[in-house]
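The values are calculated or read from the model by the stated rules, or taken from the named source; none is laboratory data. Here the structure is a predicted model, which means the values were calculated and not measured. Note: ideal-geometry Cβ built from the backbone for every residue, glycine included; neighbour counts use all protein chains shown. SASA here: full protein model, heavy atoms, side chains in, ligands and nucleic acids out. Shrake-Rupley method; radii C 1.70, N 1.55, O 1.52, S 1.80 Å.
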Amino acid sequence: MHLQLDDVQNADVPVNINEEEQIGGSMDDNINNRASKNQESKLAKALAICTIAGMGIINVMSSLPMPMMNTYLTNVWNLSLTNAAGIVNIWEGSSMILPIVVAYLSDTLMSIYPVHLMRTIVYTIGLGLLAMSTTSVFSKFTGTCSDDQPECIGRTQLIMFFTSLALMAVGIPDTKFLKTELQLKKIKIHPKLPDSDKLSIIVLIIGAIGGTIFSGVIKTWSLLFGIPAIFCIAATSFLVASFIAHSGSRPKERNPEENLLTNMARVLVASAFKISQKLPDDPAQLYENIDQSNVHSLSHTPGLRWLDKAAIILPNESQKENKWKLCTVTQVEETKLVIRTIPMFISFTFCGLVKSIGNTYFLEQANNMNRKLGNLKLPFLFLPMLHELMKLYWESTLKQRTATYSVIVNSVVCCTIAASVERRRLHDVRRHDLLDYPEEEIPMSVLWLVPQFFFLSMLDSYLKKSVENLFPDEIPLSRRKYLIHFAHGASGVGTVSGVLSVYVVGKISEIGGKNWFQYTLNRSRLDRYYWTLSALGALNIIVSVLSSWKIVLQFLSYVGES
């Protein structure tokens, strides 16, 4: 992987370059200098620990509101099952798509620290507004009642609620994104800093256990949303302190020319501008900037030849004069790589569709199931936090490359188990005559849902691993990070499309009689929806396998011809 020297020299935070001690001077001066350096070292290390701990706390706190949101909308707002799930899915999917925009901003307009700090502040403000949008906070000022009932929700609460969702979707913290940027610039906050991954794991485990306990003790929604907001405010102050401490660093000069999105746009425009030009027989005649020896380059590949026209050199044409009419072979090949991975993104979209049922319908199933374990009543956040811990386990054990179709296999198994469990739950609902009593507890243990959350955590971890290992190492990290964001964005599109899939499947089910999605969960037939997703997943596996064999056969035929 080739990196420009400026990426290190113009880093946003201090780089670990040991300065040579000055030779000479009195012994007292040397002692004072060493004491000063030791003091600065301890301060930098303390700030670094605060930064990583702050990011870990915010990541944990950001995982708490979403699992509670669907239940909040159905119980307090009295929304239908599908409307509540639709709001949550749009929120979750948008938060997975927006990092593409954030990555572009960090490359073109701002450095990584200000972008990450702004996202954190925006998310904290959104979480605070979410807590204040509950019925008991501003009831005296708005003249509404303070009970957790739909009639107590006024116009002010509505505005604050949807504003909070928008801010939280834009600013939801992404530690992985920050680590990628720091890795790209070869930046470490301090050489003696403990392993940040281990520190993040410790914070996550403590936060998961603490969040589970607190959800069982706290009963009011203003505190359920307010306490995470308070922790986020404290953690954000750590990040602000770290940013101020590093504000003396020389900012990196932005170079939008090296941005993958900008280069892709240039290739598409240049190829359209030269659509009538004839390609040369020898690809070596296409333009490639060989003067920049420290910049990566990609070899020309066959296929998508219409994009090669962007690299055709016309008489008296220079890329310096107009970069929207002449592109390099490397820029063309990067664009080809993105286009060729679009079929793979379809699989990620389906995985996002399966993930959309995790924080919505799965948790709605658990809402009124028996949560007793002997004499202990399990908190509501027990399953979501167990899911986070299982994801942590799988991510630490997965070391090898993960095939995409194996991710889809996990999604199929997850949906199949969920369909079987939901069918059993509906059987108990009918047996105890609870069809029209959605708020009554169903005498079926919530532990029946653990297997589907287990495979859902495998799906999340396998998807993350397969995305990270999808693209070849020859692609530099500055480009590969966008491809990873595209893959996660495709998963976010699948999560958002969960709203459309519910509508389409519901309309189709009406042909055979009753819509599978009714106002309440007990009247709905989620088991049939889960079976539908299982069938779509099986079809996706077949298509993925056939596509893999097609690629293998094409490669063998190419080798045979050569």
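Considering the conditions (1) surrounded by fewer than 22 Cβ atoms within 10 Å (Cβ to Cβ); (2) out of contact with any Phe, Trp or Tyr (no Cβ under 7 Å at 6 or more places or on another chain), Leu363 is excluded by exactly one of them, (1). The single condition among (1) aromatic (Phe, Trp, Tyr); (2) surrounded by 17 or more Cβ atoms within 10 Å (Cβ to Cβ); (3) at pLDDT 85 or above that Tyr287 does not satisfy is (3). Only a single item in (1) open to solvent by 20 Å² or more (accessible area, probe 1.4 Å); (2) assigned to a helix (DSSP H, G or I) is not met by Asn70, and it is number (1). Restricting attention to the stretch 123-143, the residues being part of a helix (DSSP H, G or I) and among the hydroxyl-bearing types (Ser, Thr, Tyr) number 4.
In this structure, Leu117 does not satisfy being at pLDDT 90 or above, touching a helix residue (DSSP H, G or I) at 6+ places or on another chain (Cβ under 6 Å) and in a helix (DSSP H, G or I). Checking each residue in the stretch 290-322 for being open to solvent by less than 70 Å² (accessible area, probe 1.4 Å), of a type in the set (D, E, K, R) and at pLDDT below 80 picks out only Glu317. Restricting Asn540, Asn515 to those that are open to solvent by less than 80 Å² (accessible area, probe 1.4 Å) and in a loop (DSSP other than H, G, I, E, B) reduces the list to Asn515.
Residues that are at pLDDT 80 or above and of a type in the set (A, V, I, L, M, F, W, C) within the stretch 381-393 comprise Leu381, Phe382, Leu383, Met385, Leu386, Leu389, Met390, listed in sequence order.
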